[in-house]
Amino acid sequence: MTLFRPMLIAALLAGTAPLAAAAQQAASPAPVAPQPSAPAPQTGSPTPAPGQQPPGEMIVDVVGGTSAPAQIAIPPMPTAEVQQTAAGSTDVLGRELALIVTNDLKNSGLFNPVSGEALHNISYPEVTSPGFEYWAGAGVQALVQGFVRANGDGTLTVGCYLYDTYARSELTRQGFVVPPSDWRRAGHKCADMVYTRLTGEGPYFDSRVVYVSESGPKGHRIKRLAIMDQDGANHRFLTNGQSIVLTPRLSPDQRSIVYMSYLNDRPSIYVYDIGTGRQRLLVPDTNLNFAPRVSPDSRWVLFSMAVAGNTDVYRVPLAGGTPQRLTDAPGIDTGGSYSPDGGRIVFESDRSGSQQLYVMNADGTQQQRISFGGGSYATPVWSPRGDLIAYTHMQGNFRIGVMSPVGAGERNLTDDWQDEGPSWSPNGRVLMFFRATQGGSGVADLWSVDLTGVALRRIPTPLDGSDPSWGPLRP
Amino acid sequence: MDRAEKAGLGIAVVGHVLLFGALSLGLFSHKQPEPPPRSIEVSLVDKVGLEATAPQSLTPPAQSKAPELGNPEDAPAKPAEESEPEPTPPAPQPKAAPPPKPAPAPPKPPEKPAVKKPDAAKAPPTREATTAAKPTRAEAQATGAGTRQGKTPRGGALGDIMRGIGAQPSKSTSQAPQAATMSAQAAMDIASKIQQQVQPCANQQVKPGPGAERIRVVIHLKLRRDGTLIGNPEVVGYDGTDDDNSRYLDRVKDNAIATFKHCSPLRDLPQELYDVPRGWSDFKMRYKLPG
């Protein structure tokens, strides 16, 4: 007994030291459940200390935050002196640039730019010495300021500064020198700088999208190849619409677009050279070939070809050459898409009786099914981040979904009548797809959605649109 | 401490013992009727509570002196136990009381020995040892707190009584500091006050992306007496990062710093606990997003 007692006391002391202290103070008769945590002050930290805290140290635990869009302000960018440039006068450009940044950040769904009264004009010197008090008082947490300057050689310099108004500190800054024709890109780059610094994600605003522009009645749709900036600006048509185009894909080096065309009424894959505007047939073969996608190194094109009634996935050099077959299962294997390291391929196959997703090595070995949910799956695309595969999930309606490369964590991001054809943003955070309306008209438009399922919005296009392909960040 | 309080604590202790519960506890309860053991337990609890939080650095010098004096004479019992090597009182003691800070380490070791001593030796020597140990604790905590303190210094100190006395008075003069020693409760109160003041700013921090809530960032803060920040908060540690969320680390660091800076200066913190050991002149804040 006497042997036990001290041990018990010791255990009790060790286990309830904080409690004992509390009991002393409050003389509370009913002890709360003793927390065997360190005697150091803790205010509601559910987890144990990461590093053992030395005994002589006070640590205050704070847990707090919100998932609401961040309050941010992007006042018009002032200019030291108003000058005329090929892109317009610098003061006008400053206002436009601020709007570009504002729209980019707002469209990401992660920011809530202030507008109206609170957004007062700033002076040129204020760019580098912001009025933290004013902005913090207006509820603005992040502040983006910049300036525009016309250089002697005709180029423009756009300075971009990001401040944390609560911490009263500058988070980052960058300057961009652009030719007048690319002035909008300076705004996108500024927005990318802000987005990257405040979210930790990679940049994606300074990028382009190719898609199929559609117009005309359903029975006689005109489908033209088109390219535009990610925000819909600088839109232009690449083909005249005399023949239907489908599934355009921008190559990662951004020099060519591979797509399927019904030129001469024979569906085949063509390559469009963005620099020269020329088109050429990729696979000079009489067999039906479709669903092209370019490899991450822009050297290969994955595509599908129907030979003797069996459709398989092939690859062929982008420069042209002899196709190499990668699958040989009976049935339709199609829709191949490379992983970002080029080592693996995801594709769809109906070998099980319905369209499902499979993953294999780049040489066609180790084919493995990864989708097992209800319904069928199509148009898989590997994320540029490598961690997810997006696809069209067909079960009643068509929805955009994502799952891991091993088929885990499947979830749908959209829920509408007919959403299909997802394409990843350069940073793997946003998906663009096309949504067709219900009914006979069959009109489709481009939409985008954040990976978290928020920020669903329509991408403005001059006409209707389908089959978007989001290109990489511009160099 | 009132008798009632002590009794209350005693009851609490008994309750815990029952909870922790073993049959052996029941046996103890039977024996407990004997007054001496109980009183000992209570006193231990009080001391523990105080010690756990803190006074370590301030008072120790005086304690060390007394023990030293006493040690050589009473030595036999102590050497056997673990406590002595760690405390390393000899060095500080000869140097004299002036340096108040050397003590931090010693206070805790004494506790353990005291507890263990009873185990090892049931004979009279144990009592001596315990008594010796207890006074040290009491002194360390607060001179006024322990009634037994007087005994030990007197017993231990022969010619050195002067020193011991001298040390004690000095403490009394600096009574503010004494009161200022950071008890566990006071530390919790201050931490709670700080947390409450910065919470509104924490709540405004925007989560950068999924998985960021697993990251926890520790920042080091130095304050002036008026609650304003000295320099910029410094990130001194983090954990919870993995392949999926490491890209959010920088932003969570920003969140932690902005949380504090936007809600500083701090207000209404006890001035007497500003620069005591573990005081709020220098502390750390550990921040994470909810979820």
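The values are calculated or read from the model by the stated rules, or taken from the named source; none is laboratory data. Note that this is a predicted model, so its numbers are computed, not measured. Quick reminder, even Gly has a Cβ in these numbers, built from the backbone with ideal geometry, and neighbours come from all protein chains shown. Heavy atoms of the whole protein, side chains included, go into the accessibility calculation; ligands, DNA and RNA do not. Shrake-Rupley method; radii C 1.70, N 1.55, O 1.52, S 1.80 Å.
Normalising the Debye intensity of segment A:308-362 to I(0), with uniform scatterers on Cα atoms only, and taking log10 at q = 0.14, 0.19, 0.21, 0.22 Å⁻¹ returns -0.37, -0.67, -0.79, -0.85. Between A:Phe237 and A:Asp253, the modelled labels are 3.0 nm apart [label points 7 Å from Cα along Cα→Cβ].
Pairwise over distinct Cα atoms, reciprocal of the mean inverse distance: report the Kirkwood radius of segment B:221-291 in Å, one decimal place. Numbers along the way, then the final one.
On the way: mean 1/r = 0.0738 Å⁻¹.
Its Kirkwood hydrodynamic radius stands at 13.6 Å.
The modelled label-to-label distance for the pair A:Ala306/A:Asn412, using points 7 Å beyond Cα in the direction of Cβ, is 2.9 nm.
How long are the three semi-axes of the equivalent ellipsoid of segment A:227-282, in whole Å, if each is the root of 5 times an eigenvalue of the C-alpha gyration tensor, listed from largest down? Can you show the working numbers first?
Numbers: eigenvalues 77, 35, 19 Å².
After scaling each eigenvalue by five and taking roots: 20, 13, 10 Å.
Report D for segment A:224-354 in µm² per second (integer): Stokes-Einstein, Kirkwood Rh on Cα pairs, 37 °C, 0.692 mPa s. This corresponds to a translational diffusion coefficient of 215 µm²/s. Pairwise Cα separations in segment A:106-161 fall into 5 Å bins from 0 onward with the following percentages, short to long: 4, 15, 22, 22, 17, 11, 6, 3, 0. Inter-chain Cβ neighbour count for B:190-197, averaged per residue, equals 5 (cutoff 10 Å, partner chain atoms only). D by Stokes-Einstein for chain A, Kirkwood Rh over Cα pairs, 37 °C, 0.692 mPa s: 127 µm²/s.
Give the relative contact order (percent, whole number) for segment A:385-475; include only Cα pairs under 8 Å separated by 6+ residues. Don't jump to the answer; show the numbers that get you there.
Details: 202 pairs, mean separation 19.1, N = 91.
Relative contact order for segment A:385-475 comes out at 21 percent.
In segment A:166-304, the C-alpha radius of gyration followed by the widest Cα-Cα span (Dmax) gives 18.9, 66 angstrom.
Relative to 2.2 N^0.38 Å, what does the C-alpha radius of gyration of segment B:208-258 come to as a ratio? Two decimals please. Intermediate results must be reported in sequence, preceding the final value.
Values: Rg = 12.8 Å, N = 51, 2.2 N^0.38 = 9.8 Å.
Relative to the 2.2 N^0.38 Å estimate, segment B:208-258 comes out at 1.31.
Averaged across B:256-262, how many Cβ atoms of other chains sit within 10 Å of each residue's Cβ atom?
Mean shielding count: 5.
For every helix of n ≥ 4 consecutive DSSP H residues, a contribution of -39,500 (n - 2.57) applies; sum these over chain A, divide by its total residues, and give [θ] at 222 nm rounded to the nearest 500 deg cm²/dmol. The helix-only estimate for chain A comes to -4500 deg cm²/dmol at 222 nm. Distance from a point 7 Å along Cα→Cβ of B:Asp243 to each backbone N in segment A:351-395: keep the residues under 13 Å and list them by number. From segment A:351-395, the list is A:385-388. Once the Cα-Cα distance is subtracted from the 0.36 nm per residue extended length, the B:Arg267 to B:Asp226 segment shows a gain of 14.0 nm. Kirkwood hydrodynamic radius of segment A:63-155, from the reciprocal of the average inverse Cα-Cα distance over all distinct pairs: 14.2 Å. Per-residue Karplus couplings for segment A:137-145, computed as 6.51 cos²θ - 1.76 cosθ + 1.60 with θ equal to phi - 60°, are listed in order as x, 7, x, 8, 8, 10, 10, 10, 10 Hz, Gly and Pro entered as x.
Sorted by packing (mean other beta-carbon atoms within 10 Å per residue), highest first, where do A:75-88, A:317-330, A:372-385 land? Let's see the in-between values first.
Numbers: A:75-88: 17.2, A:317-330: 14.9, A:372-385: 19.9.
Ranking, from highest mean packing down: A:372-385, A:75-88, A:317-330.
Inter-chain neighbour count for B:199-211: the average number of beta-carbon atoms from partner chains within 10 Å of each residue's beta-carbon is 6. Note on A:Thr157 and A:Thr452: the extension gain reaches 102.7 nm, defined as 0.36 nm multiplied by sequence separation minus the Cα-Cα distance. Per residue, the convex hull around the alpha carbon atoms of segment A:178-227 comes to 107 Å³.
Quick one, what does Rg over Rh come out to for segment A:436-475 if you take C-alpha atoms and the Kirkwood Rh? It would help to have the intermediate numbers written out before the result.
On the way: Rg = 12.5 Å, Rh = 12.0 Å.
When Rh is taken as the Kirkwood radius, the ratio is 1.04.
Semi-axis lengths, largest first, of the ellipsoid equivalent to segment B:198-237 are 25, 14, 7 Å, with √(5λ) applied to each eigenvalue of the Cα gyration tensor. Accessible surface area normalised per residue over segment A:342-441 is 36 Å², counting heavy atoms of protein chains with a 1.4 Å rolling probe. Start at zero, step by 10 Å, and the Cα-Cα distances of segment A:320-475 spread as 11, 40, 34, 14, 1 percent across the bins. Scaling the Cα radius of gyration of segment A:404-475 by the globular reference 2.2 N^0.38 Å produces a ratio of 1.17. Within segment A:75-218, the ratio Rg/Rh, alpha carbon atoms throughout and Rh by Kirkwood, equals 1.01. Rounded to the nearest 10 degrees, the angle from helix A:183-199 to the longest Cα principal axis of chain A is 40 degrees.
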